[in-house]
Every structure is written in C-alpha cells, then in structure tokens.
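Peer 1: One structure, as structure tokens, below. Some questions next.
The values are calculated or read from the model by the stated rules, or taken from the named source; none is laboratory data. Keep in mind the model is a prediction, meaning the values are calculated, not measured. No Cβ is skipped: glycine too gets one built from the backbone with ideal geometry, and neighbour counts run over all protein chains shown. Accessible surface is based on the protein model in full, side chains and every heavy atom, while ligands, DNA and RNA are left aside. Shrake-Rupley method; radii C 1.70, N 1.55, O 1.52, S 1.80 Å.
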There are 2 protein chains.
Amino acid sequence: MLDATFAALADPTRRAILARLAQGEATVSELAAPFAMSQPAVSKHLKVLEKAGLITRGRDAQRRPCRLAAEPLREATEWLAGYRDYWEESFQRLDSLLRGME
Amino acid sequence: MLDATFAALADPTRRAILARLAQGEATVSELAAPFAMSQPAVSKHLKVLEKAGLITRGRDAQRRPCRLAAEPLREATEWLAGYRDYWEESFQRLDSLLRGME
DNA sequence: GTGATATAAAACCATCAAGTTAAATAACTG
DNA sequence: CAGTTATTTAACTTGATGGTTTTATATCAC
C-alpha cells in the first residue's frame, strides 16, 4: 500500500485536500472550491485518495462527504522512521516538533 | 520538494535502493544486481532519486558510488508529523467509543 | 592503442496521470 | 413531473513514467 500512499501524497492538490480534511469532513464541491481546476478533476483526485485509503466517503442526499482516514499516513511515517538515524542532528529538531504537538 | 520526494518514494524499486543505501555506499552495478531489470533502468531510478535529493553520487574511477542523503526524508516526515496528532486523536476517539460500549 | 568494465545517453514503446469538456446519474425542491 | 444541485462517468489530449535495446563515454589494465 506504500506505493499508492506515496503516489497520492506526491501531488500538491491532494496534499491540500488532506490538509483541508484534517479540519473536518467536507463535500466534493467544498473541496473543489479553492482550486483553479474543474470539479471533475478534483473528483479524480478524490478517487486517487480513496483508492490509497486516505479518505472515506459517506452519503448525505446528493452529497458525498469526505473524511480523512489517516492510517496510511501512519504506515508511511513508520516506513520513514526507519531512516531517522540518517538525519540525526536534525532529528532532534523533529523530535521537539513532535513533542510540541502533543 | 515534497512532490519529488513522495513521487520518488512511490516506487518499490527506489525504496529498495534506498534501503540498500542505508547500509552504506554502493555502486550502480551493485545496486542493479538484485533487480530483474536492465542496468539503464536502474540508472534511471537513480536519476530520479538524485533529482529528488535523496542520493548523492561520487566518483571512483569508472564507478559512480551512490550515498543516501536523507534530508528530504526528514522533510517528508515533518509533513507527515502534522497529521500525527490527527490519527492519534482518532484512535483515542475510537478507543473511548469502544470503552463506552462495554 | 586495444580491450574490458562501469555507467550514461538516445531512441523508442506502452502505459499511466492530470487535466479538459460534455453527458449521465442521483437526489432534492416546487 | 420539471428543474436544480451534487457528483460521477466517458472520451479525449498531453505529457510523464518505466521499461527496453543500442550506442556512446570514461577509466582502467595490459
């Protein structure tokens, strides 16, 4: 699943969508609004995110609200954690960043 | 830079190359050996990794030894860290939900 | 200089990704 | 039912990816 996760994260539009969803559920049109691209284009991005397991979608009348599903992000982070030894000096910084967020 | 980093990590061959390089410097042919693909194909993967800043290359006679350069991995991890409390929170929510059901 | 080794570059092909517009589907509203 | 809103699907274009084989470049060893 790492393939799909990293591929999904490689696109700035999709990362922005995830950032928006971190604030809470949103509909397709709400997600599409900030972008200078057609709504079907955003729908495609959502399909990529859904296939990667990064979002789930509900049903509310005509709307298909999207929710963040962060589990693949955890897996990706775990993979990256295997390399933390290689940035030891800067790891201290990341460590305090994480501590600060708790 | 996140675009290039995540795109580079989306390929299993490239992740395997990084895993190998985490053990130490290696030449192109050493890196290519385990894979059922031509050497030029591996060279292309190395170019992708180099452009993403994930490896650097030296010179040793005809050889171009590759080294891991983990800084982009740190950046990627930092981006992901922004979601860490999100998933921890949702696990906690799930956890209390489950507790409430007992 | 010749030949062998290590790697990169070129040309090519098939597939996929990201966008478009236009049409189809689903569900609400009057 | 007709019309509107929300979203998906289809068909298409363009450009990037991942692989191939063949050719070129660089360096060593003789």
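Peer 1: Would it be correct to say that residue A:71 is surrounded by 13 or more Cβ atoms within 10 Å (Cβ to Cβ) and not hydrophobic (A, V, I, L, M, F, W, C)? Walk me through how you get there before you give the answer.
Peer 2: Values: surrounded by 13 or more Cβ atoms within 10 Å (Cβ to Cβ): yes; not hydrophobic (A, V, I, L, M, F, W, C): yes.
The answer is yes for residue A:71.
Peer 1: Can you name every residue in segment B:61-80 that is at pLDDT below 95 and over 16 Å from the mean Cα position of the chain (by Cα)?
Peer 2: Selection gives B:61, B:62.
Peer 1: Now a separate question. Could you list all residues from segment A:46-80 that are touching a Lys or Arg at 6+ places or on another chain (Cβ under 8 Å), away from chain B (no Cβ under 14 Å) and not aliphatic (A, V, I, L, M)?
Peer 2: If the condition is that a residue be touching a Lys or Arg at 6+ places or on another chain (Cβ under 8 Å), away from chain B (no Cβ under 14 Å) and not aliphatic (A, V, I, L, M), then A:50, A:57, A:58, A:64, A:65, A:66 are the ones that fit.
Peer 1: Here's a follow-up. Return the residues of segment B:1-32 that are outside any helix (DSSP H, G or I) and more than 10 Å from chain A (Cβ to nearest Cβ); say none if nothing qualifies.
Peer 2: B:1, B:23, B:24, B:25, B:26, B:27
Peer 1: Mind checking which residues of segment B:21-63 are open to solvent by 60 Å² or more (accessible area, probe 1.4 Å), away from DNA strand C (no atom under 13 Å from the Cβ) and in contact (Cβ under 8 Å) with a residue 12 or more places away in the chain?
Peer 2: B:34
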